[in-house]
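Report on the structure given below.
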Amino acid sequence: MSDSPTFWAVVPAAGVGKRMQSDRPKQYLPLAGKTVIEHTLGRLVDSGCFAKVAVAISQEDPYWPELDVSSNPFVITAPGGKERADSVLSALNSLGDTASENDWVLVHDAARPCLTVADIHAQIAALGHDEVGGILALSSHDTLKQVDALNIERTIDRSTVWRALTPQMFRYGMLKHALTETQGNPAVTDEASALEIQGFTPKIVEGRPDNIKITRPEDLALAEFYLEQQT
Ligand code: CTP
Ligand code: MG
């Protein structure tokens, strides 16, 4: 096995974007002159960190083949799955012939177009020698409450709670195994949770707050503002 692992990017992009209430999946909505997914993939490809970017696309998706990026030689396409974790596993499987167990995979949501190359480099620098890997995350500026039916039960120690972002960076073999073993488990809402269930301890790397996930209509204007600020 080679000493220096290869880096791969995996982009789940097979969601329908229900909360966006738009006429098309949110990754295809216009944002600052391109679609959301073109910004996201552009950031990953331009970083120069990855051998390939594997994108999970729904089989009923008429928008993807229309984009130039779908024929970019650094981009490969895999069929999407029912849940996000299924889409990620499908994209990992599509790398099966070329990726090694020890390689690193950075899984990044198609709906996060404001990821900076600086954050990718920071994550790789922080975790590149780790046994397990970890995720970009944000601390909370607000006081946090645990509630039951809108009744406050207690105040949570803010320093113990972080918001999980992407990229989520794990070893190819370990991640594929964890997602395969936890398939169908509704508690697996990100890659880290699959590893946690397997008994591993992923790490946190503080990310930038402009790495938002486009979820609701008002997020598009915010993303446009952040992209403008970054240039
Ligand atoms: N995703 C995917 N396959 C699925 C579901 C989601 O690849 N079966 C992707 C989405 O395309 C998105 C990322 O996972 O890039 C994060 O998911 P989310 O923000 O929840 O997107 P959607 O599921 O599309 O949105 P919603 O939950 O509002 O329907
Ligand atoms: Mg979703």
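The values are calculated or read from the model by the stated rules, or taken from the named source; none is laboratory data. Predicted model only: the values in this text are computed from it and were never measured. Ideal geometry is used to build each Cβ from the backbone, glycine not excepted, and the neighbour counts take in all protein chains shown. Heads up: the accessible areas ignore ligands, DNA and RNA and are worked out on the full protein's heavy atoms, side chains in. Shrake-Rupley method; radii C 1.70, N 1.55, O 1.52, S 1.80 Å.
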*the range 15-39, subset open to solvent by 20 Å² or more (accessible area, probe 1.4 Å) and of a type in the set (A, V, I, L, M), residue nearest to Ala91 (Cα to Cα)*: Val16
*asked:* Pairs please, first residue from the range 66-89 and closer than 16 Å to Thr180 by Cα and in contact (Cβ under 8 Å) with a residue 60 or more places away in the chain, second anywhere and near ligand 1 (Cβ under 7 Å from one of its atoms) and open to solvent by 70 Å² or more (accessible area, probe 1.4 Å), Cβ atoms under 7 Å, 6+ apart in sequence or on different chains.
replied: none
*Are any of the residues in the range 148-165 closer than 25 Å to Val45 by Cα and at pLDDT 95 or above?*
yes
*Of the criteria (1) in contact with a helix residue (DSSP H, G or I) (Cβ under 6 Å, 6 or more places away or on another chain); (2) away from ligand 1 (no atom under 15 Å from the Cβ); (3) among the hydrophobic types (A, V, I, L, M, F, W, C), which one Ala110 fails*: (2)
*Residue check: is Val36 of a type in the set (Val, Ile, Thr), in contact (Cβ under 8 Å) with a residue 24 or more places away in the chain and near ligand 1 (Cβ under 10 Å from one of its atoms)?*
yes
